[in-house]
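Trainee: The structure under discussion is supplied below as structure tokens; questions concerning it will follow.
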Amino acid sequence: VAAVSNGQANYLGFLAALLQRESRYRESAEHYAQALQTEPHNGIWWMGYGIALQADNQREAALEAFRLARDSPGLYVQLRAFVDQSISQILR
């Protein structure tokens with residue numbers, strides 16, 4: 001896998017979010033994974049990655065992504081609540 005610059009990572013994160021809106025979850029997850037290689041502490045991307053994985057029926061991977069999102073610095077209170085709710089939903 002080629003190294004990704006910060007600018008490329010931001011593009012990949014943006015593209016991942018757009019793909020997710022189009023219900024293209026597997027592609028979205030692939031782009032989030034690439035972006036996270038450059039910025040592994042980006043809680044918003046971990047959350048998006050978790051959403052994409054969960055929608056693609058990859059529960060265990062989604063759970064891990066949501067846990068990493070929850071533990072990332074700078075995740076807004078409302079987003080942390082969403083992440084906690086998503087974790088609880090997977091664990092049911």
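The values are calculated or read from the model by the stated rules, or taken from the named source; none is laboratory data. Note that the structure is predicted; figures quoted are calculated from it, not measured. Don't worry about glycine lacking a Cβ; one is built from the backbone with ideal geometry, like all the others, and counts go over all protein chains shown. Calculation scope for accessible area: heavy atoms of the full protein, side chains included, ligands and nucleic acids excluded. Shrake-Rupley method; radii C 1.70, N 1.55, O 1.52, S 1.80 Å.
Trainee: In nanometres, what is the gap between the two model label sites at Ala55 and Arg21, each 7 Å from Cα along Cα-to-Cβ?
Mentor: 1.1 nm
Trainee: Additional query: For the chain, modelled as a Gaussian network with Cα springs under 10 Å, which listed residue fluctuates most, Tyr11, Tyr49, Tyr25?
Mentor: Highest fluctuation among the options: Tyr11.
Trainee: Starting from 0.36 nm per residue, how many nanometres of slack lie between Ile87 and His41 once their C-alpha separation is accounted for?
Mentor: On the way: separation 46, 0.36 × 46 = 16.56 nm, distance 1.85 nm.
Extra length available between Ile87 and His41 comes to 14.7 nm.
Trainee: If you stretched the chain out fully between Tyr76 and Tyr11, how much longer would it get, using 0.36 nm times the residue separation minus the C-alpha to C-alpha distance?
Mentor: Values: separation 65, 0.36 × 65 = 23.40 nm, distance 2.16 nm.
So the extension gain works out to 21.2 nm.
Trainee: Using Cα pairs under 8 angstrom and six or more residues apart, how large is the relative contact order of the chain, in percent?
Mentor: Details: 115 pairs, mean separation 20.5, N = 92.
Here the relative contact order equals 22 percent.
Trainee: Scan (i) 1.05; (ii) 0.96; (iii) 0.93 for the value of Rg/Rh (Cα atoms, Kirkwood Rh) calculated from this model and give just the label.
Mentor: So the structure-derived entry is (ii).
Trainee: Given a 10 angstrom Cα cut-off, can you work out which residue in Ala52, Ala81, Ala69 is the most mobile in a GNM of the chain?
Mentor: Highest fluctuation of the listed residues: Ala81.
Trainee: When ligands, DNA and RNA are left out and all protein chains stay put, how many square angstrom of accessible area per residue does the chain have with a 1.4 Å probe? Let's see the in-between values first.
Mentor: Values: 5630 Å² over 92 residues.
Ligands and nucleic acids excluded, the figure is 61 Å² per residue.
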